[in-house]
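The values are calculated or read from the model by the stated rules, or taken from the named source; none is laboratory data. Keep in mind that what you see is a predicted model, and the values were worked out from it rather than measured. Note that each Cβ is placed from the backbone with ideal geometry, even for glycine, and that neighbours are counted across all protein chains shown. The area values use the complete protein model at the heavy-atom level, side chains included, leaving out ligands, DNA and RNA. Shrake-Rupley method; radii C 1.70, N 1.55, O 1.52, S 1.80 Å.
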Amino acid sequence: MEPTRDHPLFGGAFSATLPPGAIDVSDLRPIPDNQEVFCHRVTDQSLIVELLELQAHVQGEAAARYHFEDVGGVQGARAVQVDTVQPLLLENLALRDCCQEAWVLSGKQQVAKENQQATKNVTLHQALLRLPQYQTDLLLTFNQPPPDNRSSLGPENLSPLPWSLGDFEQLVASLTLHDPNIFGPQ
């Protein structure tokens, strides 16, 4: 199955390549206007693209850590652990002309699903693209919960493969701005 190329985001103001079988969560439940959320058809994996207010008080690697910890706070994470933070090469991004700096962070957060007490260690990969001319931090998140303990599906079920880090990297690299008016008057 081919990835979905040039999938419109935020009413067509952006587009990106989504992994095969991505389901638009806004078709299932309300999503805030500043987010685009996609889930995997079978696994609990999700991809989130968020337009956030620029956090000018933090710079560089500290900005990536700030957003990771902020997400953990919003999700009620009981533990937050950063594994790696690395700069992203701007020349590899479709947004290279308007992105001042970019970071990728990998870490773990101990979170419980809605209305549940049991927590899971969820691996998160985040890409932070900083667009100061638009007063915006663009945050892309790939949530990778641990695989559940269901028996493995046989080939007769033709279940889609889980998304990979490569799928997330393709999303980040392909994210393209088509209409800067999404950021309001400049």
Quiz item: Can you give the net charge of the other residues whose Cβ lies under 10 Å from the Cβ of GLY60, counting K and R as +1 and D and E as -1?
Solution: 0
Quiz item: Please state the equivalent ellipsoid semi-axes for the chain: what are the square roots of 5 times the Cα gyration tensor eigenvalues, largest first, in whole Å?
Solution: 27, 21, 15
Quiz item: Tally Lys and Arg at +1 and Asp and Glu at -1 over the other residues with C-beta under 11 Å from the C-beta of ARG130: what net charge comes out?
Solution: -2
Self-check item: Apportionment of accessible area to carbon and sulfur, the chain, percent (1.4 Å)
Solution: 49 percent
Self-check item: Simple spin-label estimate for LEU161 and ILE31 in nanometres, 7 Å along Cα-Cβ
Solution: 2.4 nm
Quiz item: With Rg and the Kirkwood Rh both taken from Cα atoms, where does Rg over Rh land for segment 1-66?
Solution: 1.04
Self-check item: the chain, accessible area per residue, ligands and nucleic acids excluded (1.4 Å, Å²)
Solution: 55 Å²
Practice problem: Report, in degrees rounded to the nearest 10, the 0 to 90 angle that the Cα long axis of helix 165-174 makes with the longest principal axis of the chain. | Solution: 30 degrees
Practice problem: Obtain the radius of gyration and the Kirkwood radius of segment 40-145 from its C-alpha atoms and give Rg over Rh. | Solution: 0.99
Exercise. Grab the other residues whose beta carbon is less than 15 angstrom from that of ILE23, score K and R as +1, D and E as -1, and report the net.
Key: -3
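Nearest 500 deg cm²/dmol is fine: what mean residue ellipticity at 222 nm does the chain get from its DSSP H runs of n ≥ 4 alone, each adding -39,500 (n - 2.57), divided by its residue count?
-4000 deg cm²/dmol
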